[in-house]
Amino acid sequence: MNHIEGIVSVPASSRRLAMRARLRPAQSLDVLVADNHQMMRDGIIMHLEECVSDLVVTEARDYHEALTLLEAGGHFDVIICEAKMPGPPWRTGLRQLRAMAPLTPLVVISSNDAPEDVREIAQMGVTAFVPKTASSLTLLHAVQLALSGQRYLPQLPPCAPNPKLMGDQNAGWPGRLTRRQQQVLSMMALGLSNKAIAREMNLGEGTVKIHVTAVIRALGARNRVQAVMAARENGLL
């Protein structure tokens with residue numbers, strides 16, 4: 001993961017000033033902040049105001065309000081939302097948000113940072129995930145990356161090997177994968193680039209490219225997207 005330069009050695013006030021210089025947009029920044037706790041919304045807004053010179057904030061207390069704002073034609077530069085808000089089940093709510101604003105950076109915050117849930121949220125196409133136990137600087141850093149077209153996801157432990165993917169010599173599934181290839185496939189499903197996978201797995205980017213090519217070939221696909229779709233359709237992810 002990328003980290004803010006000097007985050008350990010400089011005072012918090014200096015870090016905020018440095019982050020403000022990085023986050024300040026050329027024009028106003030329109031943000032939708034959705035959380036069912038007023039205190040959490042106030043805190044997020046306060047930290048954004050410290051870093052953005054011209055901030056326009058719209059608040060929502062639940063999925064219904066957030067979706068209604070989008071349905072009414074609301075356009076935002078970034079959406080920051082709590083995963084588990086009142087309204088539809090959180091999986092449904094996040095999918096609906098993503099479907100209604102597919103091009104808007106979506107930063108999800110949650111008190112639940114279980115690896116399996118974070119992976120599932122990442123697979124929904126969110127731009128960033130920030131646990132509520134993280135610092136305000138982590139949230140600002142995630143927003144910064146989201147606005148620049150990058151993703152921010154916490155480092156997760158490798159997935160346990162999936163027996164369906166490992167296979168055996170007599171298995172009917174033609175795409176048996178090695179343990180390393182299965183790990184690469186899991187990260188492909190999170191939408192990580194070869195460079196990001198290389199960083200997470202401590203491998204060379206060229207090595208990751210070889211694994212990705214092998215995974216695509218093993219699954220009978222033409223590209224990364226088709227490979228992930230084939231894996232899901234066959235219950236391999």
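Around Val130, which amide H atoms from residues at least 5 apart in sequence, or from another chain, sit under 5 Å from its own amide H, with H modelled in the peptide plane?
Residues meeting the criterion, in which the H sits 1.01 Å from N, are Val108, Ile109, Ser110.
Explain nothing, just compute: Karplus ³J(HN,Hα) = 6.51 cos²θ - 1.76 cosθ + 1.60, θ = phi - 60°, for every residue of the stretch 33-41 in order, whole Hz, x for Gly and Pro.
Per residue, the Karplus-derived 3J(HN,Hα) values read 10, 10, 7, 7, 10, 4, 4, 5, 4 Hz.
Search the structure for amide H atoms under 5 Å from the amide H of Thr178, placed 1.01 Å from N in the peptide plane, and list their residues when 5 or more places away or on another chain.
none
Per 5 Å bin, what is the whole-percent P(r) computed from every C-alpha pair distance within the stretch 12-147?
2, 10, 22, 25, 21, 12, 6, 1, 0
Every number here is computed from the coordinates shown, using simple stated rules; none is lab data. The model shown is predicted, which means the values in this text are computed figures rather than measured ones.
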